[in-house]
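Student: Shown below is the structure under consideration.
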Amino acid sequence: MLRKILLGILLILITGIVVLVVVNLSNDTEPIPETEITHGVEVAEADRPWWEATTVYQVYPRSYQDSNGDGIGDIAGIISRLDYIADLGFETIWFSPFFKSPQKDFGYDVSDYYLPDPEYGDTLLVDSLIREIHKRDMKVVFDLVLNHTSEEHPWFEESRRSRDNPKSDWYLWRDGQGEEPPTNWHRALGMNGWHFDSGRQQWYFSSFLSFQPDLNWRNPEVKEAMFDVVRYWLDKGVDGFRLDIFNYIYEDPDFRDNPFSLRVVPTQDFTKMFWQEKKYTMNHPDDFALAKELRGILDTYNPPRFMVGEVFGDHKTLRNFLGDQQDGLNLVFLFDISALEWNADFFRDKIQRIEAFYPYPYTPTYVFSNHDRIRSISLLGNDLQKAKALALLQLTLRGVPFYYQGEEIGMPMANIPGDQALDPLPAAFDWLPEFAKDQVINRDNCRTPMQWTANANAGFTDATAIPWLPVSPGYETLNVERQMNEANSLLATNTQLLTIRRASQPLQWGSLKWLEEYSAGDVLGFQRIYQQEQVTVLINISDVEQSLEIGPGSTILFATGKADVNRNRLVLGPDSGVILK
Ligand code: GLC
């Protein structure tokens, strides 16, 4: 009898463990909708806004270029590098925040939305940055943190002072349940998001870290104050905004507890993790409505402006931010594809989904890294050939490509251990194993200074200065100057591709059509079609040479790796690709 009971318990335990493992290792696959895609008959270029066809380069100001030898990148430094970005061929620059901030999250904790932090420069310099960018025929995009402020923002300082001051309701304040927080809500990256304030004797909620209290957007004064910020920068001539964690702005007004989930390991879109589904704290319908309201403001400006949202969720949810009538955010980041796997099926599946969920007039985005993520070349095993093939793909797909500074030369991740990080994240996850903190959580490793030259400090700051983060050791051989002098460098590949893209109507405005003969196998094959014109892209995502049949009269417009045409056959080397005309 006892043996039977023990056996039963053992069976239940084993089943439980199997279920947990399966639930935690799986990623839900979303059904792909049937979408009718029309080719070559889209609205003509002249009737379409510039942002649909732009290319975006992200600058992380702290690490781009220092001009005054304090080891911190600044606005004057950026201005001195604008010709580089223009010559490289990007049309739009997005700046991570340089507003006044205690820099606990390096600018994503804003204490004044109108002023630059003195470390970076003054208002005159910001004005001249905008002017200098426009002078070079480029567009400028600022980063807006609407969800939260710094705890040192005067609004929060006032709000926490008492329960009845004029700003007392500007943040999410609640009484606890006895000693416990008001709800079970986790922050964006998991674990309790409530913090007790001993002055007010109440809890405040923060979606990110404790020093970044969430604003209460249900208070009309908060909304107006933030809309004023939006209008201020639009009036100054800023062409658009990148909206920080836009899908965490509204929470459930009734403060209901989030439901339990079997998921401990975060899902790729962060909707479930650490035993919780973020039903009431993420992707609230009021976020979608706010997207439309903001669009209403932007659409009163001419020339047109745009917004790209940092949002997470499945495609169906993300599309809600864009609005049924394309009347919400203009673009959202589609991070799903950035979990790079080097095989053709991976790309085929992701791109097919993107095409099905965001057919024209929606515009997709292609983003493989940023200041929070593992740099793409490190995901590709530091393989230059693969990085070139990826650039070819990213710059020929339909949608807006986003590059993070340094990607154009293949800057890899640094090796700063988690326990030496300046980034606040590793300390907020001090219970995680070292390996996770070192590379995944420690964002210092993707934020090391831009590698300009082989000189001391990589030309980022004075040779004798101490850069805020150490320059990565490989900079003597991996830097902009060197790649400018190499015909075959990744920088040269990117520059050529950007030039070709700018000169090609199909690549900028065209629809995307998969070639049937490549619906399986190691080669990605598609056409970009705009009215009567088309180009073909073929990329071999494997280490095996491929011999492919191509149309008569096709010529190679651009190739990366090995590509030889012999009559109607194209031989593509491993990880090599072409644009054919
Ligand atoms: C976004 C930013 C990240 C920042 C966080 C909190 O994810 O990209 O750098 O730490 O929001 O503002």
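Student: Once you wrap a convex hull around the alpha carbon atoms of the chain, what is its projected area averaged over all directions, in nm²? Each step should come with its number before you reach the end.
Tutor: Details: hull surface 121.7 nm².
Projected area, direction-averaged: 30.4 nm².
Student: Of the accessible area of segment 182-297, with the probe set at 1.4 angstrom, what percent is carbon plus sulfur? Can you show the working numbers first?
Tutor: Values: 2210 of 4040 Å².
Here carbon and sulfur together make up 55 percent of the probe-accessible area.
Student: Can you compute 3J(HN,Hα) from phi for each residue in segment 514-520, using the Karplus curve 6.51 cos²θ - 1.76 cosθ + 1.60 with θ = phi - 60°, rounded to whole Hz and x for Gly and Pro?
Tutor: Listing the rounded values in order: 6, 8, 4, 5, 10, 6, 8 Hz.
Student: Now, a different point. Once amide H atoms are placed 1.01 Å from N in the peptide plane, what residues at a sequence separation of 5 or more from Q531, or on another chain, have their amide H within under 5 Å of its amide H?
Tutor: It is G40, V41, E42, by chain and number.
Student: Sticking with this one: Working out 0.36 nm times the residue gap between E158 and N455, then minus their Cα-Cα distance, what length gain in nm do you get to one decimal?
Tutor: 102.1 nm
Student: To check my understanding: the extent here is largest minus smallest coordinate of the Cα atoms along each principal axis. What are those three numbers for segment 159-304, in Å, largest first?
Tutor: 51, 40, 24
Student: So how much slack lies between E221 and K279, counting 0.36 nm per residue of separation and subtracting their Cα-Cα distance, in nm?
Tutor: On the way: separation 58, 0.36 × 58 = 20.88 nm, distance 2.63 nm.
This chain segment gains 18.2 nm when fully extended.
Student: Separate question: Using DSSP to define loop residues, name the GluC sites (Glu not before Pro) in segment 473-517 whose beta-carbon has at most 14 other beta-carbon atoms within 10 Å.
Tutor: Numbers: sites: E476, E481, E486, E516, E517; in loops: E486.
Those satisfying the criteria are E486.
Student: If you don't mind, there's one more thing I want to ask. Report, to the nearest whole %, how much of the accessible area of segment 433-532 belongs to carbon and sulfur atoms, 1.4 Å probe, protein only.
Tutor: Details: 2310 of 4340 Å².
Of the solvent-accessible surface of segment 433-532, carbon and sulfur hold 53 percent.
Student: Placing unit charges on C-beta atoms (Lys and Arg positive, Asp and Glu negative, everything else neutral), compute the dipole magnitude of the chain about its Cα centre in debye, rounded to 20. Could you put the intermediate results ahead of the total?
Tutor: Values: 53 positive and 83 negative charges, 197 e Å.
Roughly 940 debye for the chain.
Student: Can you pull the one-decimal nm distance between simple spin-label points at K4 and W514, each 7 Å off the Cα toward Cβ?
Tutor: 5.5 nm
Student: Further, regarding this structure: Can you compute the charge dipole magnitude of segment 335-449 about its Cα centre, using +1 on each Lys and Arg Cβ and -1 on each Asp and Glu Cβ, nothing else charged? Give it in debye, rounded to the nearest 20.
Tutor: Dipole about the Cα centre, nearest 20: 420 debye.
Student: Shifting gears a bit: Once each part is reduced to its C-alpha centroid, what is the distance from segment 227-264 to segment 527-564 in angstrom?
Tutor: Each part reduced to its Cα centre gives a spacing of 42 Å.
Student: Can you tell me the equivalent ellipsoid semi-axes for segment 332-440? Use √(5λ) from the Cα gyration tensor, largest first, whole Å. If you can, show how the numbers build up before the last one.
Tutor: On the way: eigenvalues 162, 52, 32 Å².
Listed largest to smallest, the semi-axes of segment 332-440 are 28, 16, 13 Å.
Student: Which one, P552, L144, S80, is farthest towards the positive end of the dipole of the chain when Lys and Arg carry +1 and Asp and Glu -1 on their Cβ?
Tutor: Farthest towards the positive pole: P552.
Student: Compute the accessible area per residue over segment 253-339, keeping the other protein chains in place, probe 1.4 Å, unit Å². Let's see the in-between values first.
Tutor: Numbers: 3570 Å² over 87 residues.
So segment 253-339 comes to 41 Å² accessible per residue, rounded to a whole number.
Student: May I ask you to compute the full-extension gain from D137 to E293, defined as 0.36 nm times their residue separation minus their alpha-carbon distance, rounded to one decimal in nm?
Tutor: Working: separation 156, 0.36 × 156 = 56.16 nm, distance 2.89 nm.
Using 0.36 nm per residue and subtracting the Cα-Cα distance, I get 53.3 nm.
Student: Which residues' amide hydrogens lie under 5 Å from the amide hydrogen of G309, considering only partners 5 or more residues apart or on another chain, with H built in the peptide plane?
Tutor: Answer set, sorted by chain and number: L243, L331, V332, F333.
Student: Per residue of the chain, what 222 nm ellipticity follows from adding -39500 (n - 2.57) for every DSSP H run with n ≥ 4, rounded to the nearest 500?
Tutor: Numbers: 15 runs with 151 residues, N = 581.
Using -39500 (n - 2.57) per qualifying helix, the result is -7500 deg cm²/dmol.
Student: Also, quick follow-up: Which of the pairs K279/K513; K104/K167; K104/K279; K513/K581; K278/K437 have their Cα atoms more than 26 Å apart in this structure?
Tutor: On the way: K279/K513 37 Å; K104/K167 23 Å; K104/K279 29 Å; K513/K581 15 Å; K278/K437 23 Å.
Too far apart for the 26 Å limit: K279/K513; K104/K279.
Student: Okay, moving on. GluC sites (Glu not before Pro) within segment 1-65: which are DSSP loop residues with at most 15 other Cβ atoms inside 10 Å?
Tutor: Details: sites: E34, E36, E42, E45, E52; in loops: E34, E36, E42.
Passing both the DSSP loop test and the Cβ count: E34, E36.
Student: Roughly what would the spin-label model give for I466 and D257, points 7 Å off Cα along C-beta, in nm?
Tutor: In this crude label model, I466 to D257 measures out at 4.9 nm.
Student: Taking only protein heavy atoms into account and a 1.4 Å probe, give the accessible area per residue of segment 443-569 in Å². Can you show the working numbers first?
Tutor: Details: 5880 Å² over 127 residues.
Value returned for segment 443-569: 46 Å² of accessible area per residue.
The values are calculated or read from the model by the stated rules, or taken from the named source; none is laboratory data. Not measured: the values here are computed from a predicted model. For neighbour counting, all protein chains shown are included, and Cβ atoms are generated from backbone atoms with ideal geometry for every residue, glycine included. These area figures cover heavy atoms from the full protein model, side chains too; ligands, DNA and RNA do not enter into them. Shrake-Rupley method; radii C 1.70, N 1.55, O 1.52, S 1.80 Å.
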